[in-house]
Amino acid sequence: MSVDHDETTRLVNMGVLTPEQAVTDKRRHQLTQFLGMYEDEVVPEPYYSDEIIIEDGDLFFICSDGVCDVLSDDEIKRILLENESIKETVNRLIDRALENGSKDNCTALLVEVKKKPVLLYEF
């Protein structure tokens, strides 16, 4: 649901690098967009995903590159589907990133959608 705004993603999109080459390319941490950029540097081009339907029990996972650089999408998915508590799942993801040799900060946020009845008050 997201797109990295870095030099290697740009080069993959242009056909200069393959996705496999981008994983180890030294430019993968050269950001092309980030919060706090000066307006005269570049006009941000945010990425919008397709519309999704959010349902009870859905999980939203946000992490720093200290996690996603050393864990494959398949490994992240496997850990997310292990049916542990939110806290245990996040701890497992960070532990695995550290075990895999992450050299960057390991930040992970996992949000579970819970439908609750909405209370409407009439005045």
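Brief remarks on what is shown
- In the condition set (1) more than 23 Å from His29 (Cα to Cα); (2) touching a Lys or Arg at 6+ places or on another chain (Cβ under 9 Å), Val111 is compliant with all but (2).
- Of the residues making up the range 31-60, those that are surrounded by 10 or more Cβ atoms within 10 Å (Cβ to Cβ) and under 24 Å from Ser72 (Cα atoms) are Leu31, Thr32, Gln33, Phe34, Tyr47, Asp58, Leu59, Phe60.
- Top-ranked residue in the range 33-70 [being more than 19 Å from the chain's Cα centre (by Cα) and of a type outside the set (A, V, I, L, M, F, W, C); ranked as modelled with the lowest pLDDT]: Glu41
- Test result for Leu98, modelled with pLDDT of 95 or more and among the aliphatic types (A, V, I, L, M): yes
- Residues in the range 1-30 that are touching a helix residue (DSSP H, G or I) at 6+ places or on another chain (Cβ under 8 Å), outside any loop (DSSP other than H, G, I, E, B) and either loosely packed, with under 10 Cβ neighbours inside 10 Å or in contact (Cβ under 8 Å) with a residue 24 or more places away in the chain (or both): 1 in all.
The values are calculated or read from the model by the stated rules, or taken from the named source; none is laboratory data. Every value quoted in this text rests on a predicted model; they were computed, and no experiment measured them. Using ideal geometry, Cβ is built from the backbone for each residue, glycine included, and neighbour counts are taken over all protein chains shown.
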